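A short reminder: the numbers here are calculations on the coordinates, not readings from a lab. Because the structure is a prediction, the values reported are computed rather than measured.
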Amino acid sequence: MSTTKVGIIGTGFIGPAHVEALRRLGSVEVLAVAERGDELAAAKAAQLSIPKSYGDYKALLADPEIEVVHNCTPNHLHFEVNRDILAAGKHVVSEKPLAMNSTESRELVRLAQAAGVTHAINFNYRFMPLVQQARQMCAKGDLGRVLAVHGSYLQDWLLLATDWNWRLVPEMSGDSRAVADIGSHLCDIVQHITGLKIVRLMADLQTIHPQRMRPKVQVETYGGKMLTPDQLEAVDIKTEDYASILVEFDNGCHGVLTVNQCAAGRKNRLFYEIDGEKCALSWDQERPNELWIGRRDAPNQVLMKDPSLLYPEVREYAHYPGGHNEAYPDGPKNLFRNVYGFIRGERPGGDFSTFVDGHNEIAICDAVLASGRAKQWVDVTY
Ligand code: NAI
Ligand code: SOE
């Protein structure tokens, strides 16, 4: 059976994670990478055992062998690179956020639909087994009506004023930082599970470090802990480290979502709790094999991931027996399985996050910024 040939643009932190997840599918061959310049591209290709390398992503797009392209570049390049992938007629898997604002993301949805190719966005946390189980429990009425939702996404990798990354630079990351970077996953996951849509919100945004120390040398994501004071310079910070967002869903229920990239001890704690009239659900990405089910008239339960205990339609998201834990790298693998299955005509589609979902999240982000400025409730304009 022939393999689907893929090119990856950007090979920092997440690019290699895409490569690894794709290789675990078996039916996909990562044929080429593109990076900033020939030397870096060749070095990354050698490191990842990828046959072809391009120092300019446009050369990768001109390669007739490449059928699908993954955009793993920093945020400010997402619009331009996604647009060029679509113009080249290739299928596209983009990293989040889809673009820098909703004008750009709306245009990408239009271009993707006009191009008639498959388009996907890496809302990876959706595709973990117990997140899919929670979604099915909501869809099947196990919770009854959803009454309220709260969630948070907490990290500590930007806790100190000496922590630095391109995500702190609005020209590279966008006018929102914590909300666009991790709030995007949080908003997506609670809407995906409940099937509800956020329609109004009120946001409180805080920049905990109005000034940070920027390295005079370049550092990779999560790589700045070893720098000495003489290698740093002071820079004003304009984007939020922290946000709390009151939200209203389209069924009228309310919720609150908090993000903080200065939360000591929390590494990548994406957490939600959904209160239904029959039971509640909660899940923590740092303990992804446990789903808490809260009950009023019976003892609470912790469902440990085990294919035999999941709804039949969820079992394909769990690849190992109970007690054999699945985690972060398995989300993208499941997403890519669904995307490539559709591209190869082996799956019906409708089971992966698309540019439409990417645009919806940016519309929420735009509303968060508008609400933060106006200090009042605003409607989300999709
Ligand atoms: P990074 O800074 O570690 O890597 C970015 C890479 O893109 C670097 O290797 C850089 O040299 C390359 N690059 C920059 N300009 C380029 C160009 N013109 N052509 C080709 N390559 C270019 O950043 P990281 O952490 O990998 O993030 C990249 C994107 O992935 C971000 O948008 C981020 O939001 C998203 N991301 C998503 C994750 C998820 O769980 N879904 C996890 C981590 C990142
Ligand atoms: C950094 O905050 C980051 O790598 C995000 O960019 C990802 O989207 C998130 O999944 C993990 O944290």
Handout entry: Table column - 3J(HN,Hα) (Hz), the range 369-382, Karplus curve with 6.51, -1.76, 1.60, x for Gly and Pro
Key = 5, 5, 5, x, 6, 7, 6, 8, 5, 9, 7, 8, 9, 7
Exercise for the section: Quick one, can you get me the convex hull of the C-alpha atoms of the chain expressed as volume per residue in Å³? Expected result: 144
Problem - Rounded to whole Å, sorted largest first: equivalent-ellipsoid semi-axes of the range 4-124, Cα gyration tensor - result: 22, 15, 14
Practice task
Please provide three numbers in whole Å: the alpha-carbon extents of the range 60-202 along the principal axes, with the largest listed first.
Solution key: 51, 43, 28
Practice task
Run down the lysines and flag those whose C-alpha is under 21 Å from the C-alpha of residue 58, throwing out any fewer than 8 positions away in its chain.
Solution key: 5, 44, 90, 96
Handout entry: Unit Cα scatterers, Debye sum, the range 169-217: log10 I(q)/I(0) for q = 0.16, 0.20 Å⁻¹
Key = -0.64, -0.86
Practice task
For the range 175-182, take each phi angle, set θ = phi - 60°, evaluate the Karplus expression 6.51 cos²θ - 1.76 cosθ + 1.60, and give the result in whole Hz per residue in order, putting x for glycine and proline.
Solution key: 6, 9, 10, 4, 5, 5, 6, 10
Completion exercise
For the range 280-295, in residue order, the Karplus 3J(HN,Hα) values (coefficients 6.51, -1.76, 1.60; θ = phi - 60°; whole Hz; Gly and Pro = x) are 10, 10, 9, 8, 10, 4, 7, 10, x, 9, 10, 10, 7, 10, x, 10
Practice task
Rounded to whole Å and sorted largest first, list the principal axis extents of the Cα atoms in the range 216-307.
Solution key: 61, 34, 20
Problem - Reach of residue 305 by Cα under 15 Å, taken over aspartates and glutamates that are not fewer than 8 positions away in the same chain - result: 284, 286, 290, 313, 316, 326, 330
